[in-house]
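Report on the structure given below.
Readers should treat all values here as calculations from the given coordinates under stated rules, not as data from a laboratory. Note that the coordinates shown come from a computational prediction; the quantities given were computed from them, not determined experimentally. Methodologically, a virtual Cβ is constructed for each residue, glycine included, from the backbone with ideal geometry; neighbour enumeration extends over all protein chains shown.
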Amino acid sequence: MIFEILTLFPEMYEGFLKTSIIAKAIKNGIIRINIHNLRDFAKDRHRTVDDKSFGPGPGMVLKAEPIYKALKKIIPERISANKLLPKKTSGIIYLSPQGRVFNQKTAKELSKYRQLIFICGHYEGVDERIFRFIDEEISIGDYVLTGGELPSMVVVDAVSRLVKGVVKKEESVECDSFYNGLLDYPHYTRPRIWRGGKVPEVLLSGNHKKIDEWRKKKALDVTEKKRPDILESKKKEIRRIS
Ligand code: SAM
């Protein structure tokens with residue numbers, strides 16, 4: 001899977017690309033993350049990518065042309081002079097507080113693409129006219145951040161975990177919160193007793209069937225306690241299927 005990120009701040013990705021599971025997935029050739037500096041697509045010698053917003057009031061806006069040029073270079077097959085050509089295996093996403101709010105379901109959907117292109121806005125955002133070259137706007141929550149860089153890392157991380165081979169034991173993704181509509185069950189590690197707190201006996205029993213039952217029950221309990229809203233939707237889903 002290939003991720004292409006269009007940004008004014010490539011340096012923000014240095015730690016992200018070099019750390020933990022994402023770094024390993026890149027090293028093993030399972031995912032690729034290409035960072036494109038939007039300034040490389042500006043035509044003047046000052047490499048200008050932004051300008052004042054038309055109308056009164058403060059605020060800078062990212063110009064449409066450098067974004068267009070970057071898209072044209074990355075996916076020429078989808079970009080004509082003034083419109084976006086039908087979707088094939090790529091998705092063009094503008095990270096925006098106004099977009100569809102990102103969740104595990106969206107991550108699953110996005111993990112089916114071969115290539116995802118993320119446009120990171122900054123300042124007041126992007127020139128409205130670039131929207132005809134965007135498939136979708138995605139938000140990581142109802143709050144406003146300085147730029148699309150952190151949101152792009154959030155989305156790339158969550159989607160990458162669902163790409164086969166990125167997380168070593170598939171199981172650990174499937175047991176994660178939200179994967180099957182429930183939160184994850186509690187985890188413990190050594191020592192068996194820590195400051196008076198004991199590891200539940202069943203986990204030490206070696207009885208896989210019992211451990212499995214305990215985990216299922218705990219996942220339900222945890223979900224009911226922490227996120228009753230998602231339990232309700234899971235119940236509705238089960239009722240709909242049966
Ligand atoms: N004026 C814009 C508005 O109110 O909708 C906000 C611009 S924000 C300061 C700058 C950039 O950060 C946006 O263009 C977007 O790319 C990114 N951004 C901010 N909050 C975000 C969020 N919750 N989810 C995704 N991207 C976000």
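Observations, loosely collected:
- Phe118 long-range amide H proximity, modeled H, under 5 Å: Glu4, Ile5, Leu6, Ile93
- In order along segment 12-27, phi translates into HN-Hα couplings of 5, 8, 4, x, 4, 6, 9, 10, 6, 4, 5, 4, 5, 5, 5, 4 Hz, rounded to whole numbers, per the Karplus curve 6.51 cos²θ - 1.76 cosθ + 1.60 with θ = phi - 60° and x for Gly and Pro.
- Cut-off 15 Å (backbone N to label point 7 Å along Cα→Cβ of Val144), residues of segment 33-57: 53, 57
- Prolate/oblate/rounded label for segment 75-125 (Cα gyration tensor, a/c 1.5): oblate
- Cβ crowding within 10 Å, taken as a proxy for footprinting-reagent exposure, orders Tyr13, Tyr94 from fewest neighbours to most as Tyr13, Tyr94.
- Couplings for segment 205-213, taken from phi via the Karplus curve 6.51 cos²θ - 1.76 cosθ + 1.60 with θ = phi - 60°, read 6, x, 8, 4, 5, 5, 5, 4, 4 Hz in order; Gly and Pro are left as x.
- Counted charge near Glu124, where neighbours are those whose Cβ lies closer than 13 Å (Asp, Glu -1; Lys, Arg +1): -2
- Positive contributions from Lys and Arg (+1) and negative ones from Asp and Glu (-1), summed over other residues with Cβ under 11 Å from the Cβ of Ser233, come out at +4.
- When each of Lys18/Lys164; Lys43/Lys87; Lys83/Lys164; Lys216/Lys236; Lys27/Lys169 is checked by Cα-Cα distance, pairs over 25 Å: Lys43/Lys87; Lys83/Lys164
- Counting charges near Asp184 (Lys, Arg +1; Asp, Glu -1) among other residues having Cβ under 10 Å from its Cβ returns a value of +1.
- In order along segment 188-196, the phi-based Karplus estimate (6.51 cos²θ - 1.76 cosθ + 1.60, θ = phi - 60°) of 3J(HN,Hα) comes to 9, 9, 5, x, 5, 10, 10, 6, x Hz; Gly and Pro are listed as x.
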